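Laboratory data are not the source of any read-out in this text; all were calculated from the coordinates shown. Treat the numbers as computed from the prediction; the structure is a model and nothing was measured. Reconstructed Cβ throughout: ideal geometry from the backbone, glycine too, with neighbour counts over all protein chains shown.
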Amino acid sequence: MSRPYRSALYIPGSKSRALDKARGLPVDVILFDLEDAVSPDEKVTARATLAAELGQGGYGNRLRVVRINGLDTQWGRDDAKAAHTMECDAVLLPKVNSAADVDALAALTDKPIWAMMETPLGVLNAAQIAAHPQIEGFVLGTNDLAKDLGTRHRADREPLLASLQMCLLAARAHGVVAVDGVYNAFKDEEGFKVECEQGRDMGFDGKTLIHPAQVAIANAAFAPTEAEIDLAQRQIAAFAEAEAAGQGVAVVDGKIVENLHIVTARATLAKAQAIAEQDAS
């Protein structure tokens, strides 16, 4: 992993003050939003405001992703053309249903594309979307998905688990970043922490956020713990010692350690290092 994606904060593209404040927030990804967070009468000016703020720079090593309006709206194509010239790292396309939707955006920009996975058809086509050569990230749009599925809200998100896992499977099969959906009750820190831990346990790289107050919890939840780092180091050392003795497995804390565990251990240490570098920058 070349960089962490623990926290991905939505910032309205129309709000200069919020865009400026984001320069000082310890987030890994900023999702500059021209879609849901911007009212119809502000769409055009938001595009210009965002372009100007990104042009000024100051966002450091944060990944800068611009969410445009859908290409089936009156603003989408102009958003895509504008994003192509903006100082951003990727373009986020809402309501992606198929690889054909990605093709339509790819015809307007050669920047990396991230896909909002927030429709039943998009989930069913997750593998073909993830396989698109320009796709580099998935963002789960759990509010829209829950609406389309007709699910009831549950703290354990059981009605959404199949959809979340299908998107994760597709992302992992094709080397695509996968960021979990938002948690709406931004003042409910305990509930948010539980959902972050659920997403991390499932395998998501991070969490999309709607408020700066959520950043610290997400950053902690999606980072390796000290215990995990310690275990990874001991597993690597024990396996190296076993190999030197001509053995194919080691034992750490009473558990067998094979090569597959070493792959995971090295990934844990690489992630910890990437986070340290990100936080230092």
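What share of all Cα pairs of the range 226-280, in percent, falls into each consecutive 10 Å distance bin?
Bins of 10 Å from zero give 25, 49, 20, 6, 0 percent of pairs.
What does the charge count near Val182 come to, summing +1 for each Lys or Arg and -1 for each Asp or Glu among other residues with Cβ under 14 Å from its Cβ?
Around Val182, the surrounding residues sum to -3.
So, by mean Cβ neighbours within 10 angstrom, what's the order for 243-249, 186-192, 168-174 with the highest one leading?
By packing density, highest mean first, the sequence is 168-174, 186-192, 243-249.
When the Kirkwood hydrodynamic radius is evaluated over all pairs of different C-alpha atoms of the range 1-90, what value in angstrom, to one decimal, is obtained?
This gives a value of 13.0 Å.
Quick one: the Cα spread of the range 118-242 along its three principal axes, in angstroms, biggest first?
Principal-axis extents of the Cα atoms in the range 118-242, largest first: 53, 38, 24 Å.
Near the amide H of Val249, under 5 Å away, which other amide H atoms are found, from residues 5 or more places off or on another chain, if H is placed in the peptide plane?
Distant-sequence amide H within range of Val249: zero hits.
Rounded, prolate or oblate: which one fits the range 173-250, using the alpha carbon gyration tensor with axes a ≥ b ≥ c (rounded when a/c is under 1.5, else prolate when a/b beats b/c, else oblate)?
Taking the square roots of the gyration eigenvalues as a ≥ b ≥ c, the range 173-250 is prolate.
Under the classification rounded if a/c is under 1.5, otherwise prolate if a/b is larger than b/c and oblate if not, where does the range 7-221 fall, given a ≥ b ≥ c as square roots of the Cα gyration tensor eigenvalues?
oblate
Can you give the convex hull volume per residue for the Cα atoms of the range 120-179, as a whole number of Å³?
73
Give a residue-ordered list of calculated ³J(HN,Hα) values for the range 218-223 (Karplus: 6.51 cos²θ - 1.76 cosθ + 1.60, θ = phi - 60°; whole Hz; x for Gly, Pro).
Couplings: 5, 4, 6, 5, 9, 10 Hz.
Which ³J(HN,Hα) values, rounded to whole Hz and listed in residue order, are derived for the range 256-268 from phi using the Karplus coefficients 6.51, -1.76 and 1.60 in 6.51 cos²θ - 1.76 cosθ + 1.60 with θ = phi - 60°, glycine and proline given as x?
Taking θ as phi minus 60°, the curve returns 5, 10, 10, 4, 4, 5, 6, 4, 5, 4, 5, 5, 4 Hz for the range 256-268.
Which of Lys21/Lys271; Lys147/Lys255; Lys81/Lys187; Lys95/Lys271; Lys81/Lys207 have a Cα-Cα distance over 32 Å?
Table pairs above 32 Å Cα-Cα are Lys147/Lys255; Lys81/Lys187.
May I ask for the net charge around His132, where only other residues with Cβ less than 15 Å from the Cβ of His132 are counted and Lys, Arg are +1 while Asp, Glu are -1?
Residues near His132 contribute -3 overall.
Quick one: Karplus J couplings for the range 148-163, per residue in order, coefficients 6.51, -1.76, 1.60, θ = phi - 60°, nearest Hz, x for Gly and Pro?
5, 7, x, 7, 8, 6, 9, 4, 8, 6, 3, x, 9, 4, 4, 5
Excluding residues fewer than 8 places away in the same chain, name every one of the lysines whose C-alpha is closer than 18 Å to that of Lys15.
Within the straight-line cut-off, Lys15 pairs with Lys43.
Hey, how many Å between the Cα centroid of the range 166-240 and the Cα centroid of the range 1-55?
About 22 Å separates the Cα centre of the range 166-240 from the one of the range 1-55.
Can you give me the long-range amide H partners of Leu93? Hydrogens built in the peptide plane at 1.01 Å from N, cutoff under 5 Å, separation of 5 or more residues or another chain.
Long-range HN contacts for Leu93: Trp114, Ala115, Met116.
Give the order of Val96, Val182 when sorted by the count of other beta carbons within 10 angstrom, beginning with the fewest.
Val182, Val96
Could you pull out every residue, at least 5 positions away or on a different chain, whose amide H is within less than 5 Å of the one on Lys207? Hs are placed 1.01 Å off N in the peptide plane, and Pro or chain starts have none.
Excluding prolines and chain starts, which carry no amide H, the hits are Ser7, Ala8, Asp180.
Please compute one quarter of the surface area of the Cα convex hull for the range 190-233 and express it in square nanometres.
3.3
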